[in-house]
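Data block below; observations after.
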Amino acid sequence: MIAEILVPGLAFGSLYGLVAMGFNVLHRPTNVVNFAQGELIMIGAMVMALSPIGRLPWGLAAAGAMAIVALVALVEERVAVTPVLRRSAHAAGWVITTLAFSLLLAEAAGRLWDDQPGAVAPPWPLSLDVHEVAGVRFSSYQVAVVGTAIAVVLLLGRLDRSRMGTALRAVAADRDGARLRGIDPTSLTRRSFLLGGALAGFTGVLAAPLLLASVTMGLGLLIKGFAALAVGGIGDNRGVLVAGWLLGTVEAAGAAYASPGSQSVVLFGAMLLILVIRPHGLRGLAVQRHV
């Protein structure tokens, strides 16, 4: 029974961790939590499932979905984020503007596609066929999703150690001070939204075979990704992946031992307990403020 919980928990938890990583990519240069992230992921899944692009070879289709979502994210940056940051780097108006952009995306998707879920086949040679090894049941696609999430963490860690990553840390610490040092925060914000949009599109591509592509899938992934972000710690990609795995496993256990209808209650109860014990996240440390 434990093995049956662990495998789907890790697979779905990897998706939640990827959602949280997308939050981190966009948060670093802006201090903005993008509440349209779930709808960006939904668009990636829907493009893969129900558009002519989805009929291309899997690699080309995935690249096309990522490019489209990256462009949509860039539009969001231009109309919903930069105008707010231009007035004040510490303003919280982005809460409303990113939510508004999310609603616009959901409305546009509802007009473009119907509400019937679309199936997406995994890329060859992966499949959703269940195999059993030493009593553990899993599909090759579930294993690939977990491995892909780990690879994304490593790639983002390498980016963080690059020159661009150093500039992003400077902007995150002091946007105006970074500008005085010759760093262009607007350009870095634009690049981050392109990267975050591409990651959201890729997350949608990965999620489609497991969840089915649907215009309603964005909200659920947004909430669970945000939960992984809160538990893992903002800015900590390794922490949010571990948190995603933990929350995915707890969710699977809730469905197995309680009922499918109770899994959300179990999930958010566990999140509340973790945050009471570790208010700064699983790997987070309290930050001292010097005045």
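Separation of the stretch 89-136 and the stretch 31-67, taken as the distance between their Cα centroids, equals 8 angstrom. Based on alpha-carbon atoms, the Kirkwood radius and the radius of gyration of the stretch 1-143 give Rg/Rh equal to 1.05. Taking a point 7 Å from the Cα of ARG278 along the Cα-to-Cβ direction, the residues of the stretch 1-45 with backbone N closer than 15 Å to it are 17. Its residue count N sets the reference 2.2 N^0.38 Å, and the alpha-carbon radius of gyration of the chain equals 1.00 times that reference. With the simple model of a label 7 Å out from the Cα in the direction of the Cβ, VAL143 to LEU99 spans 4.4 nm.
With only Cα atoms counted, the stretch 80-227 has Rg and Dmax values of 19.4, 60 Å. When MET66, MET46 are sorted by how many other C-beta atoms sit within 10 angstrom of their C-beta, beginning with the fewest, the order is MET66, MET46.
A short reminder: the numbers here are calculations on the coordinates, not readings from a lab. Given the structure is predicted, the values throughout are model-derived calculations rather than measurements. All Cβ positions, even for glycine, are placed from backbone atoms using ideal geometry, and neighbour counts span all protein chains on display.
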